[in-house]
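*Asks:* This is the structure I have questions about; it appears just below.
The values are calculated or read from the model by the stated rules, or taken from the named source; none is laboratory data. Predicted model only: the values in this text are computed from it and were never measured. Cβ placement follows ideal geometry from the backbone for every residue including glycine, while neighbour counts extend to all protein chains displayed.
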Amino acid sequence: MRLCDFEYDLPAELIAQAPMRPRDYSRLLVLHRKSGAIEHRRFGDLTDYLRPGDVAIFNDTRVFPARLRGRREPSGAAVEALLLREVEAGVWEALVRPGRRVRLGDELSFGGGELRARVLARTPSGGRLLRLSADEDVEEILDRVGETPLPPYIRRPLERSEDYQTVYARRRGSSAAPTAGLHFTPRMMRALAQRGVGIAWVTLHIGLATFRPIRAEEVERHEMHSEWCSVPAETASAIEQARARGGRCIAIGTTTARALETAARSKSLRPFEGETDIFIVPGHRFRAVDALLTNLHMPRSTLLLLSCAFGGRERVLAAYREAVRQRYRFLSFGDAMLIA
């Protein structure tokens, strides 16, 4: 497959810069993958497409203040770091800017010296390994001096940090939000329960793999960075029971789909905890996911490829072109799409 086969024209003015208020007032594009039929609804109508006995699976990861702005010592030159994950106690994988000037052994200072970092190594993906140190608890200092790491296409500052957090986020560890979940409100969660839809959880801490662009023109040559995920036994059991009674597994977001398909790699869904580098492209046989709720993604992205793998490339791209014509809001704070 060639990357140019996953292109569409995305006008810049359709990239949402702020969340919808209330969140569940966003639009919902429904793509029926068997027929290719498209419907235009509101997100609050989602329950019309879910049945009693279905189970919705959510990624409960929580975004932490992973963006740090500081100085290289002793020169005082500005430096920025985006923490991706803690690879061992006190050692973090990070992206740094300006990358060419941050060398092995450099000392970095953040928050006026409250947090310090030493550059230990360069990673194969071009990042750095940083050993963080502080006179207090590092997590508390990150909460104080770090910033919410918004994607670069969002140029407007957040009014509230919780705007880039799902209402059910609970397991700290993500450098980005699982954006399909941003549409849900407590009201919508109650509506699912009232509809008879089960709710279960996975965790996938979003890092470099999810937002790293594909550089290779031949899609199969792209290498996914690993991310930590967990599919607990109770979630695997909930899916198995739902399917046994004729229900479906509804993946809320591409990260949830990746976690579930990782757990189903052995042809049956089993509990899983560890690193995943699964790269889902057209041709993938979905073993755990029966319907997918997702946002409208960037051209040529791994997220778009996953959507195309589930809904069919031609039908998904046709739906995207229709979304552009209908002036949907795109990307992280944009509207939602249900592929069922």
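*Asks:* Taking region 311-329, which residues are touching a helix residue (DSSP H, G or I) at 6+ places or on another chain (Cβ under 7 Å) and either crowded, with 24+ Cβ neighbours inside 10 Å or modelled with pLDDT under 95 (or both)?
*Replies:* VAL316
*Asks:* Somewhere in region 18-32, is a residue outside any strand (DSSP E or B), surrounded by 17 or more Cβ atoms within 10 Å (Cβ to Cβ), assigned by TED's automatic domain parsing to the domain that holds GLY247 and of a type in the set (Lys, Arg)? I'd like the intermediate steps shown before the answer.
*Replies:* Pass one, region 18-32, residues outside any strand (DSSP E or B): 18-26, 32.
From what's left, surrounded by 17 or more Cβ atoms within 10 Å (Cβ to Cβ): 19-20, 23-24, 26.
Now narrow it down to the ones that are assigned by TED's automatic domain parsing to the domain that holds GLY247: 19-20, 23-24, 26.
Narrowing further to those that are of a type in the set (Lys, Arg): 23.
Yes.
*Asks:* Same structure, new question: Here are LEU192, LEU182, LEU142: which of them is of a type in the set (A, V, I, L, M, F, W, C) and within 26 Å of LEU104 (Cβ to Cβ)?
*Replies:* Details: LEU192 fails: within 26 Å of LEU104 (Cβ to Cβ); LEU182 fails: within 26 Å of LEU104 (Cβ to Cβ).
Criteria check complete, one pass: LEU142.
*Asks:* On to the next question. For GLU114, indicate whether it is assigned by TED's automatic domain parsing to the domain that holds PRO74 and either over 29 Å from ASP60 (Cβ atoms) or out of contact with any Asp or Glu (no Cβ under 9 Å at 6 or more places or on another chain) (or both). Steps first, please.
*Replies:* Details: assigned by TED's automatic domain parsing to the domain that holds PRO74: yes; either over 29 Å from ASP60 (Cβ atoms) or out of contact with any Asp or Glu (no Cβ under 9 Å at 6 or more places or on another chain) (or both): yes.
It is true that GLU114 is assigned by TED's automatic domain parsing to the domain that holds PRO74 and either over 29 Å from ASP60 (Cβ atoms) or out of contact with any Asp or Glu (no Cβ under 9 Å at 6 or more places or on another chain) (or both).
*Asks:* Is it the case that ARG248 is in contact (Cβ under 8 Å) with a residue 24 or more places away in the chain, basic (Lys, Arg) and under 22 Å from GLY311 (Cα atoms)?
*Replies:* On the way: in contact (Cβ under 8 Å) with a residue 24 or more places away in the chain: yes; basic (Lys, Arg): yes; under 22 Å from GLY311 (Cα atoms): yes.
Yes; evaluated as a whole, the condition is true for this residue.
*Asks:* Could I ask something else about it? Given (1) assigned by TED's automatic domain parsing to the domain that holds ILE252; (2) under 26 Å from LEU208 (Cβ atoms), where does ARG72 come up short, assuming only one miss?
*Replies:* That leaves (1) as the condition not met.
*Asks:* I've got another one for you. Can you find, within region 171-184, the residue that is surrounded by the most Cβ atoms within 10 Å (Cβ to Cβ) among those that are more than 11 Å from the chain's Cα centre (by Cα) and over 12 Å from PHE64 (Cβ atoms)?
*Replies:* In the first step, residues of region 171-184 are kept if they are more than 11 Å from the chain's Cα centre (by Cα); the result is 171-173, 183-184.
If we keep only those that are over 12 Å from PHE64 (Cβ atoms) as well, we get 183-184.
Values: HIS183: 27, PHE184: 23.
By that ranking, first place goes to HIS183.
*Asks:* Of these, LEU84, LEU28, which one is at negative phi, at pLDDT 95 or above and in contact with a helix residue (DSSP H, G or I) (Cβ under 7 Å, 6 or more places away or on another chain)? Walk me through how you get there before you give the answer.
*Replies:* Details: LEU84 fails: at pLDDT 95 or above.
Going through LEU84, LEU28 in turn, the sole match is LEU28.
*Asks:* Okay, next question. Please pick out the residue among THR179, THR203, THR166, THR185 that is closer than 23 Å to TRP228 by Cβ, among the polar types (S, T, N, Q), out of contact with any Leu (no Cβ under 9 Å at 6 or more places or on another chain) and not assigned by TED's automatic domain parsing to the domain that holds LEU82.
*Replies:* Sole residue among the options that is closer than 23 Å to TRP228 by Cβ, among the polar types (S, T, N, Q), out of contact with any Leu (no Cβ under 9 Å at 6 or more places or on another chain) and not assigned by TED's automatic domain parsing to the domain that holds LEU82: THR203.
*Asks:* Applying the selection to region 218-248, what residues are outside any strand (DSSP E or B) and surrounded by fewer than 12 Cβ atoms within 10 Å (Cβ to Cβ)? Talk me through it step by step, then tell me what you get.
*Replies:* Filtering region 218-248 down to residues outside any strand (DSSP E or B) leaves 219-226, 232-248.
Residues satisfying the conditions are GLU220, ARG221, ALA233, GLU234, ALA244, ARG245, GLY246.
*Asks:* Within region 185-213, can you find the residues that are crowded, with 20+ Cβ neighbours inside 10 Å and either under 18 Å from ARG21 (Cα atoms) or in contact with a His (Cβ under 8 Å, 6 or more places away or on another chain) (or both)?
*Replies:* Selection gives GLY207, LEU208, ALA209.
*Asks:* Quick one: in region 79-105, of everything that is small (Gly, Ala, Ser) and within 20 Å of the chain's Cα centre (by Cα), which residue is nearest to ARG69 (Cα to Cα)?
*Replies:* At the first step, the residues of region 79-105 found to be small (Gly, Ala, Ser) are 81, 89-90, 94, 99, 105.
Those still in the list that are within 20 Å of the chain's Cα centre (by Cα) too: 81, 94.
Details: ALA81: 7, ALA94: 13 Å.
Out of the qualifying residues, it is ALA81.
*Asks:* Being surrounded by fewer than 21 Cβ atoms within 10 Å (Cβ to Cβ) and within 22 Å of LEU338 (Cβ to Cβ) is the requirement here; does VAL281 meet it? Full working, then the answer.
*Replies:* Values: surrounded by fewer than 21 Cβ atoms within 10 Å (Cβ to Cβ): yes; within 22 Å of LEU338 (Cβ to Cβ): yes.
In short, yes.
*Asks:* Separate question: Mind checking which residues of region 185-201 are outside any strand (DSSP E or B) and either modelled with pLDDT under 95 or more than 19 Å from the chain's Cα centre (by Cα) (or both)? If you could, list the steps in order and put the result at the bottom.
*Replies:* First, the residues of region 185-201 that are outside any strand (DSSP E or B): 185-197.
Matches in region 185-201: PRO186, ARG187, MET188, MET189, ARG190, ALA191, LEU192, ALA193, GLN194, ARG195, GLY196, VAL197.
*Asks:* Next up: Based on what the data block shows, is PRO52 part of a loop (DSSP other than H, G, I, E, B) and surrounded by fewer than 13 Cβ atoms within 10 Å (Cβ to Cβ)? So that I can check it myself, show each step before the final result.
*Replies:* Values: part of a loop (DSSP other than H, G, I, E, B): yes; surrounded by fewer than 13 Cβ atoms within 10 Å (Cβ to Cβ): yes.
Answer is yes for this residue.
*Asks:* Still on this structure: If you check ALA257, ALA251, which single one turns out to be outside any strand (DSSP E or B) and hydrophobic (A, V, I, L, M, F, W, C)?
*Replies:* Details: ALA251 fails: outside any strand (DSSP E or B).
So the residue among ALA257, ALA251 that is outside any strand (DSSP E or B) and hydrophobic (A, V, I, L, M, F, W, C) is ALA257.
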